Every structure is written in C-alpha cells, then in structure tokens.
Amino acid sequence: MKTNTQKPPIILAIDTSCDETSVAVTQGQKILSNIVASQIELHKQYGGVFPTVAKQAHKDNIEATITAAIKRSGITIKDIKAVAVTQGPGLAPALEIGIQKAIEIGKNWSIPVIPVNHIEGHILSVLAQPNPRKKIFKKINPQLPALAVVVSGGHTEFILIEKIGHYKKLGATLDDAAGECLDKVGRLLGLGYPAGPVVEHLAKKGNPKSFAFPLPMTANKTFDMSFSGLKTHSRKEISKLEEKKSLDAVTTANFCASLQFGVFRHIIYKLEKLLIDTPIKELWLGGGVAANQTLRTSLRKTTKKHNLIFRTPYSNKLCGDNAAMIGVVAGYKWQSKLNKTNSFDQSPQPKTPQRIDRKPHWNIDSASRLEAKQ
Ligand code: KG4
Ligand code: ZN
C-alpha cells in the first residue's frame, strides 16, 4: 500500500475576486507559476473598482492568463490534477468568471474543481514557497495555533488558526478596511488609485508626528477595529490644509506618514490586547497592505516582544491578490482528504461539489464549518 509521501498534486488555480485576473500553477506549497493580469489602469479613471468593468476585463483576460501560467510553469496540461478557484468573498460579477472557467476546465479535463475562500488564501500565502531550481525544496511546517492578521483593501481581520482549515475570527473592522482607508484618504490627497503604495512611498519622507490622529475604539473591549473615523478626521484636516493652500509636497509627505502611523497604531493596539489572552506560537501577516515595510517592521517588533515566530509572504506579489495563494489552500484541502483515508488507494481525489455558487460575503468562520461538513 502506498503512503502519502508522494509528491503533492499539481493544481491550476484561478482568482478573479476583484481587479486582478490571476492564474497560477502550484504543487503543495511550491509555486510553479503565478501570473497576475492587473486591471489597475482600467479602474484608475473611476478611482476604485467598477464591478461590471472588472467582469468584462476578467472575461477578456482569463484564457490568455491560463495559457501563460501553464507555459511559465513548464508543465503540461495532463500533469494538472485539479483546478482551484476563488468562490468568495469578492465582487459577485468578477467571481462568476473564474468559477465558470474552473467548472468548464474541470469538465473538459476530467479533473475535480476545488472551491477556495479568498481570505484563507491570504492566510496561507505566508506558507507559499518559490520553486528552487536545483536545491531541495524545503517545506514550511508551521507551529500552531497561530494568529493571522489579514490587512487588505477589503478586509482587516484577526483570525485564529487552530489547525489549517479551522479558523476562528477574533476581530475585524466594523466599517472600512485599512487598505481602503489608505486608498480613500490618498485619493483626497490626489495620489491616484490604489493610493496605499504611494502613501507608503511618501511617508518615508514625512514625519509621523506632524498630524495627530485619534486612536479608535479604545473604550470597546472587543478586538474589532474601525477605520472610518480616521478617514473622516483626514477629510476635515485635508480641507483645512486646502483652504490655507498649504498642502505642498512636504505637508503631503507628513500627512501620509501620520496617517499611516494612525492606521497601523490602531491595528497594533488591538493586536496587543488580543495577545494578552490568546496563546499562539506564530503570527502571520497577509493581504495587500502586508507589502508595507512599516507595518512589517512594527509587527516584527510585536512578535519579538511576545516571543512569536513572524511569517509574511516571501514576495510582495503574494501579498496582493494572486492565484498562487488559492492553489496553496487547495493543496492543503487535497492533503486533508488524504489524511482522512490515509492511503492513495482509497479515492484520494477531492470531488467537485454539485454546485459552486458565488459567495461574495463568505465568512472565514463558515469556511471552516463548511469544510468540516464535507
Ligand atoms: O489584497 P489586495 O490586493 O486586495 C484585496 O483583497 O483587497 O489589497 C489591496 C490593498 C489596496 O488597498 C492597496 O492600496 C493596499 O492593499 N496596498 C498597500 C501597499 N501595497 C498595496 N497599502 C500600503 N502599503 C503598501 N505598500
Ligand atoms: Zn484579497
């Protein structure tokens, strides 16, 4: 009888949850290719993502992105054992294109379709590894429980990982996400879309103490967050500066540094409170804003203080939306099926669910409950 020491299956993964058409080829934690066809240029004119425009762009790009991902990976179609796809959360019209394509591929190539939660993708993105050319591949074996801090344009959440596939949301933003706040305030400052990376760039030249920002929700005992107050405060400050005609390059840089400081201070304040009574071994940072060096440095300090292992994706490409993280999740889902049968002989393949409906508001807590039921 064969045991599951075999190589993990090769998976084609698709993410069309928002404004990037992404397709990847993965094998367990290993990334063989990860193509991201960005729609940023298209959405710039609207100052944000326009769902029907995103849908059309996914439609136009998906076929070429799949071809490019397979070509870049160096494998052939017959090596692919499953197709993984983001089922949610995300923009419903955008999700639809990826799901339809995955179902079509599953039927045509006679392989299972594995639906994946996008937030679980951001969480497990920290475990993704590049494909070493000659060296032996080193798998990451995380110590659990761990806490994931997911900070993106749509989400800001603290998620406890009891074991991979079993998640508990301990806190989340009640309104805007941290990235959304940076984007919206950045837009008021005329920094374009998405403004997050520009805010980081300008903040490097600014003084974070120039403008005082409120620390939100200190009286609230939960680990939830709120960024809309920081946005409103920014709006008032910016209009005062505009009235005085003093929003020059130096003031803008100072404002960006102070805003960034205010946003990250809020996350770290709540995180510190959470860590008091939450025994974990590792802290994982994922999501688009995880590319920010100031946030990484602050969280690294926090983890050092609490004697925790800190993990964040090895490349910025894995912080923003990408399909490789979806493939990594699907690899674990496949593996967990193997662990249940503990043999490659007993139908190790996951089955394509009968229905794969879009789940634009799919909560990570229910993701783990659904997983347990399957
Ligand atoms: O994960 P992501 O690509 O999409 C969502 O799932 O939302 O995150 C995009 C967000 C945007 O708000 C963008 O401004 C922000 O991540 N972002 C950054 C940086 N790079 C991307 N924010 C701050 N600093 C950065 N370097
Ligand atoms: Zn995302």
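The values are calculated or read from the model by the stated rules, or taken from the named source; none is laboratory data. Because the structure is predicted, anything quoted here is derived from the model rather than measured. Every residue, glycine among them, receives a Cβ derived from its backbone with ideal geometry; neighbour counts consider all protein chains shown. All accessible areas refer to the heavy atoms of the entire protein, side chains included, with ligands and DNA or RNA removed. Shrake-Rupley method; radii C 1.70, N 1.55, O 1.52, S 1.80 Å.
Details
- Residue 205 long-range amide H proximity, modeled H, under 5 Å: none
- Considering only alpha-carbon pairs that sit under 8 angstrom and 6 or more positions apart, the relative contact order computed for the chain is 25 percent.
- Rounded FRET efficiency, nearest 0.05, which uses the C-beta distance separating residue 133 from residue 209 and R0 of 45 Å: 0.45
- Amide H contacts under 5 Å for residue 284, placed H, 5+ residues apart: 147, 148, 149, 311
- For the stretch 197-206, putting each phi into the Karplus relation 6.51 cos²θ - 1.76 cosθ + 1.60 with θ = phi - 60° gives couplings of x, 5, 4, 4, 4, 5, 4, 4, 9, x Hz, in residue order, rounded to whole numbers and with x for Gly and Pro.
- Charging the Cβ of each Asp and Glu at -1 and of each Lys and Arg at +1, and nothing else, the dipole of the stretch 100-151 about its Cα centre rounds to 420 debye.
- Whole-percent carbon and sulfur share, accessible surface of the chain, 1.4 Å: 53 percent
- Crossing angle, helix 92-109 versus the chain [Cα axis fit, 0-90 degrees, rounded to tens]: 20 degrees
- Positive-end residue of 190, 146, 164, charge dipole of the stretch 146-311 with Cβ unit charges: 146
- Taken as Cα centroids, the stretch 185-210 and the stretch 288-309 sit 20 Å apart, rounded to the nearest whole angstrom.
- Toward the positive end of the charge dipole of the chain, with +1 on the Cβ of Lys and Arg and -1 on the Cβ of Asp and Glu, the farthest Cα among 217, 92, 113 is that of 113.
- Across the stretch 297-312, coupling constants 3J(HN,Hα) worked out from phi with the 6.51/-1.76/1.60 Karplus curve, θ = phi - 60°, read 4, 4, 5, 4, 4, 4, 5, 4, 4, 9, 6, 10, 7, 9, 10, 8 Hz, and Gly and Pro carry x.
- Distance from the C-alpha centroid of the stretch 94-148 to that of the stretch 349-364: 14 Å, rounded to the whole angstrom.
- Per residue, the stretch 146-311 exposes 45 Å² of solvent-accessible protein surface, assessed with a 1.4 angstrom probe and all protein chains in place.
- Near the amide H of residue 37, within less than 5 Å, lie the amide hydrogens of 21, 22, 23, all on another chain or at least 5 residues away, with H placed in the peptide plane.
- Cα-centred dipole magnitude for the chain, charges only on beta-carbon of K, R (+1) and D, E (-1), debye, nearest 20: 1200 debye
- The chain: radius of gyration over Cα atoms, expressed as a fraction of 2.2 N^0.38 Å: 1.01
- Counting DSSP beta bridges with both ends in the chain, the antiparallel % (nearest 5): 55 percent
- Using C-alpha pairs under 8 Å with a sequence gap of at least 6, the mean separation divided by the residue count of the stretch 1-88 gives a relative contact order of 37 percent.
- The 3J(HN,Hα) values that the Karplus relation (6.51, -1.76, 1.60; θ = phi - 60°) gives for the stretch 208-220 are, in residue order, x, 9, 5, 10, 8, 10, x, 9, x, 6, 6, 7, 7 Hz. Gly and Pro appear as x.
- Net charge dipole, the stretch 146-311: roughly 460 debye, given to the nearest 20, about the Cα centre with Cβ charges of +1 for Lys and Arg and -1 for Asp and Glu.
- Neighbours of residue 140, meaning other residues whose beta-carbon lies under 12 angstrom from its beta-carbon, give a summed charge of +3 when Lys and Arg score +1 and Asp and Glu score -1.
- Relative contact order (percent, whole number), the stretch 146-311, Cα cutoff 8 Å, 6+ residue spacing: 28 percent
- Among the listed pairs 169/305; 71/333; 139/281; 59/359; 78/101, those beyond 21 Å (Cα-Cα): 169/305; 71/333
- Springs join every pair of Cα atoms under 10 Å in this Gaussian network model of the chain, and among 214, 93, 112 the largest mean-square fluctuation is at 214.
- Report note on the peptides 235-247, 119-131, 278-290: ranked by the mean count of other C-beta atoms within 10 Å, highest first, their order is 119-131, 278-290, 235-247.
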